[in-house]
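The values are calculated or read from the model by the stated rules, or taken from the named source; none is laboratory data. Quick caveat, the model's predicted, so the values are computed rather than measured. A quick note on method: Cβ atoms are made from the backbone with ideal geometry, for glycine too, and the neighbour counts reach across all protein chains shown. Just the protein is used for accessible areas: all its heavy atoms, side chains included, with ligands, DNA and RNA removed. Shrake-Rupley method; radii C 1.70, N 1.55, O 1.52, S 1.80 Å.
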Amino acid sequence: MVRESSHIYVPRNLGELLAIRKIRPDALLFAGGTYILKDNQEKVPELPRHIIYLMDIDELKRVSRTERYLEIGAAVSINRILHVGKHLLPRALWDALKGIGPPALLNQATLGGNLCVRKERMSAYHVLLLMDVKIELRRTGSSRWIPLQRFIDLEPLIENGEVVTRIRIPFTSWDFQIYRRLQDGKDGLTYCALASRQKEVLSAFTFSFGALGPHVIRSREVESALLGRKLPLTERDKQQALLGLRQTVERSHRDFSSFRKDRILSIFSSTLDMLIPE
Amino acid sequence: MRISFHLNGRHVSINTIPERRLADILREDYGLVGTHPGCYKGTCGFCTVLMDGNPIYSCLLPAFAVREKTITTIEGFLPTREAQEILKGFQEAGCLLPEYVLASVLFPVNSLLETTDIPDEEDIEEIIRYCHWGPSRSMAFREGIIIAAKFRNRRKRRGKRK
């Protein structure tokens, strides 16, 4: 049977995009397309009937900054974001973006695409989640900014006719940032921890682990229990934090191998050791 | 769908299925067999081409995304002096690149030399990390990049003097 090929819409500006999206809310939004084509191993990939190609829209390819935040268009390539500069991007985000893949892939992949993949959480997701990033959703006649966490939790992800247009990253002064990517595949893990220290006190702390699939491991209880603690952390503080994380992992990720669970605890333990006064 | 684009300095137009991968179009419709779609996953890098001057994986690019873009394949890049400098660098280092790895080595190295005059260990390590050709782990490969950078700088200096 001969397959019918997709119908491609190529809007030239945001207005056209929103108008097309309104009449074709089911269309696939295609920017870099790296995940879509990587996931589709057929010689001629089978794509949805309607596709909206986003890369000709200038409004989605802008990067701007104010004193308080950096705003990145959803179709800005990862490589272009990296060119914003190591000094300007938060270190953990820089490491996460750089670790996505080779430069050729980073020239195609976009930040919007990285956040819109639903089957699994991509590399930038955990870092952006911890940084209280906001996402702009637009449709004809309206726009709204929502926190990344809500964007991911939304079911359905985006309301009819809406499009992710910008990502706003606040400049928070984290003076301790770690991003780690530990092997790909079944037991792969990504990890991010951010902290602020004031003199000898931990004034802000947040962390998350990402594993293959949609898993995200966070423990607000552990985070808040560590806030205001004197640095370096006492043995008792560390043991309590580790116990809290162990319980979170056991409770919500029973299917994880013991190797992976031990690994999570050992990475977190080394972070606690690294938290020393400035 | 009719798609027009610039290919190795020529304006071309093709009637094709919009979802077809650029790598297949280049090989099957234009006979540019220096582009090897090895994995269709953007892992091996053997299908790298330049799109508007930036390296991309042509196996991850559908035909509809190429409209009015400028594509340079390894066949179009090889005659340039930039490519010849890199090849000469590897040759002098004693690292001979087989035909099938040219796209995956020359394009990333060229990108690096366009942004950096003297590549450091970290830059070279990044090229090697993503290069799926065994001998790229050798000292000769590293040396090749450094010598190529010297040739490039020498030419840039000469250009400035003129």
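Just one of the numbered conditions (1) open to solvent by less than 10 Å² (accessible area, probe 1.4 Å); (2) farther than 16 Å from residue A:73 by Cβ; (3) in a helix (DSSP H, G or I) is not true of residue A:128: (2).
The test for being assigned by TED's automatic domain parsing to the domain that holds residue B:130, modelled with pLDDT of 95 or more and not hydrophobic (A, V, I, L, M, F, W, C) holds for residue B:88. Residues that are within 23 Å of the chain's Cα centre (by Cα) and exposed (fewer than 14 other Cβ atoms within 10 Å of the Cβ) are absent from the range A:228-250. Filtered by the rule that a residue be open to solvent by 40 Å² or more (accessible area, probe 1.4 Å), over 19 Å from residue A:235 (Cα atoms) and not in a helix (DSSP H, G or I), the range A:251-277 gives A:254, A:255, A:257. With respect to the stated conditions, residue A:12 is within 13 Å of another protein chain (Cβ to nearest Cβ), open to solvent by 70 Å² or more (accessible area, probe 1.4 Å) and basic (Lys, Arg). Restricting attention to the range A:87-112 and to residues that are over 16 Å from residue A:131 (Cβ atoms) and touching a Phe, Trp or Tyr at 6+ places or on another chain (Cβ under 6 Å), the residue that is modelled with the lowest pLDDT turns out to be A:102. When residues in the range A:15-43 are screened for being within 13 Å of chain B (Cβ to nearest Cβ), over 27 Å from the mean Cα position of the chain (by Cα) and touching a residue at least 40 places away in the same chain (Cβ under 8 Å), 0 of them pass. The set of residues in the range B:1-15 that are more than 9 Å from every other protein chain (Cβ to nearest Cβ) and in contact (Cβ under 8 Å) with a residue 12 or more places away in the chain comprises B:2, B:3, B:4, B:5, B:6, B:7, B:8, B:9, B:12, B:14, B:15.
The lone criterion from (1) without any contact (Cβ under 8 Å) to a residue 40 or more places away in the chain; (2) under 17 Å from the mean Cα position of the chain (by Cα); (3) surrounded by fewer than 22 Cβ atoms within 10 Å (Cβ to Cβ) left unmet by residue A:83 is number (2).
Of all the residues in the range B:19-43, those that are away from every other protein chain (no Cβ under 11 Å), surrounded by fewer than 21 Cβ atoms within 10 Å (Cβ to Cβ) and part of a helix (DSSP H, G or I) number 1.
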